[in-house]
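As structure tokens, the structure follows; a few thoughts come after it.
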Amino acid sequence: MSEKEYNYQIIRYIPDLRRMEPQNIGILVQDELGTTCRMWTHFRPLGDKPDFDYYNFRKWREFFELEVNGPQIEMFQPPRESAEFLEYLQSRCKGNYTVTRPLHVTMDATDIEVVKDHLFETLVRAPEEEEMPATQPVKRFKQQLEKKKLDKNSHLQVDEYLVFPSGETKLFHWQYKKNHGSDERVLIEPVQWLDKIRLTQLELEHSLSAAQKVRDSRLRAHLIVIMDEVAPPSHLAKEATKRLYENYLEGKKHLKQLSDEVVANVPESEELVSRIEDDLNELVQV
């Protein structure tokens, strides 16, 4: 196999701008056809960072991925295969988020996705950094996808922006098309019970909004929602926690009405991954 040269940049998060000690959180790779990226989806900074705003990180990640993978805005963006596009991406990073200058790598690979995954696993997060089996449905679902390497399947598009007839875009997770290329999409929306009340509420609202948009637009899709299991708060819990629990149950009720399926425990989560694996195997056999 002949060698091929690629440009790449490392995406970094700097927890403390005074100390300037960055952590690698993603990879950008460019060849003569365009640019792609892979981000550490559920990144958490090293050390004790109780004030880390995961919601802000997720919004920034969605913004940056849209710059790379969303519709090309020719009036503002340079061509995605050009050196100017990598400079443009650098200019879009400010504050805690930075991108290194363009670097070069030569590999025996013609598939840019293979190069992207190799650099991500080498420079950002190695596969052997295995996590303990999660006890909640959402995290177990993600772990099982990675364990079975389904997250690398070319038919499974992780974190894809879907453009609705109105022109609005919405981020969906693990989208693929069933029935050998039909228009029926499988859309999966996770709702986690997170450490912070505000972040859990935002997760819930995001999924409710996404589910409503899918139904209102009459999109031909099979919508699955994965929700963490939550025990009722004790009588000593804060009023805000009790209210969140009520909202969570009410949201779950609405999501059952709006979606085709709500996965709400670990066995169901693992069974869903097995079904996805079967669907993807059928697509490969076409």
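The values are calculated or read from the model by the stated rules, or taken from the named source; none is laboratory data. Computed from a predicted structure; not experimentally measured. Glycine gets a Cβ as well: all are built from the backbone with ideal geometry, and neighbour counts include every protein chain shown. Just the protein is used for accessible areas: all its heavy atoms, side chains included, with ligands, DNA and RNA removed. Shrake-Rupley method; radii C 1.70, N 1.55, O 1.52, S 1.80 Å.
Under the rule a/c < 1.5 gives rounded, and otherwise a/b versus b/c splits prolate from oblate, where does the stretch 88-179 land using the Cα gyration tensor?
rounded
Taking K and R as +1 and D and E as -1, what net charge do the other residues with C-beta under 9 Å from the C-beta of V186 add up to?
Here the charged neighbours net out to +1.
Could you work out what % of the accessible surface of the stretch 93-223 is carbon and sulfur, using a 1.4 angstrom probe and leaving DNA, RNA and ligands out of the count?
48 percent
In µm²/s, what is D for the stretch 238-286 at 25 °C and 0.890 mPa s, where D = kT/(6 pi eta Rh) by Stokes-Einstein and Rh is the Kirkwood radius from Cα pairs?
For the chosen part, D equals 185 µm²/s.
For the chain, what is the percent of antiparallel DSSP beta bridges, rounded to the nearest 5?
Here the share of antiparallel DSSP bridges comes out near 75 percent.
Given the whole protein assembly as supplied and a 1.4 Å probe, what does the accessible area of K139 come to in Å², nearest 10?
90 Å²
With a ≥ b ≥ c the root eigenvalues of the C-alpha gyration tensor of the stretch 33-104, is it rounded (a/c under 1.5), prolate (a/b larger than b/c) or oblate?
Taking the square roots of the gyration eigenvalues as a ≥ b ≥ c, the stretch 33-104 is prolate.
Kindly identify the stretch 148-197 as rounded, prolate or oblate by the Cα gyration tensor criterion: order the square roots of the eigenvalues as a ≥ b ≥ c, call it rounded if a/c is under 1.5, otherwise compare a/b with b/c, prolate if a/b is larger, else oblate.
Oblate.
Find how many whole Å separate the alpha carbon centroid of the stretch 1-75 from the alpha carbon centroid of the stretch 222-256.
Going from one Cα centre to the other spans 32 Å.
5 Å is the cut-off here: which amide hydrogens, built 1.01 Å from N in the peptide plane, fall below it relative to V263, excluding neighbours closer than 5 in sequence?
The answer is V225, I226, M227.
Which one of Q90, A211, F141 is farthest out on the positive end of the charge dipole of the chain, using unit charges on Cβ (Lys, Arg +1; Asp, Glu -1) and the Cα centre as origin?
Of the listed residues, the answer is A211.
With 33 Å as the cut-off, how large is the P(r) tail for the chain, expressed as percent of Cα-Cα pairs?
Roughly 27 percent, rounded to a whole number.
Which whole-Hz ³J(HN,Hα) couplings does the stretch 236-249 yield from phi under the Karplus relation 6.51 cos²θ - 1.76 cosθ + 1.60, θ = phi - 60°, glycine and proline marked x?
Listing the rounded values in order: 8, 5, 5, 4, 5, 5, 5, 5, 4, 4, 5, 4, 5, 5 Hz.
Dipole of the stretch 119-242, Cα-centred, from +1 at each Lys and Arg C-beta and -1 at each Asp and Glu C-beta, to the nearest 20 debye?
Dipole size: approximately 360 debye.
Using +1 at the Cβ of each Lys and Arg and -1 at the Cβ of each Asp and Glu in the chain, identify which of V266, V68, I112 lies farthest towards the dipole's positive end.
V266
Which net charge results when you count Lys and Arg as +1 and Asp and Glu as -1 among the other residues whose beta-carbon is under 13 Å from that of L171?
-2
Name the long-range amide H neighbours of A221: under 5 Å, sequence gap of 5 or more, or other chain; modelled H, no Pro or chain starts.
For A221, whose amide H was placed from the backbone, the distant partners under 5 Å are R185.
Using +1 at the C-beta of Lys and Arg and -1 at the C-beta of Asp and Glu, which of M20, F52, C37 has the Cα lying farthest in the positive direction of the dipole of the stretch 17-96?
Result: F52.
Give me the extension gain from E184 to H42: residue separation times 0.36 nm, minus the current Cα-Cα distance, reported in nm with one decimal.
Stretched out fully, the E184 to H42 stretch lengthens by 48.3 nm.
Within 10 Å, Cβ to Cβ, of G34, how many net charges do the neighbouring residues add up to if Lys/Arg are +1 and Asp/Glu are -1?
-2
Just the number please: accessible area per residue for the chain, 1.4 Å probe, all protein chains included, in Å².
54 Å²
Please compute the contact order of the chain in relative form: average sequence separation of alpha-carbon pairs under 8 Å and at least six residues apart, divided by the residue count, as a percent.
Relative CO of the chain lands at 16 percent.
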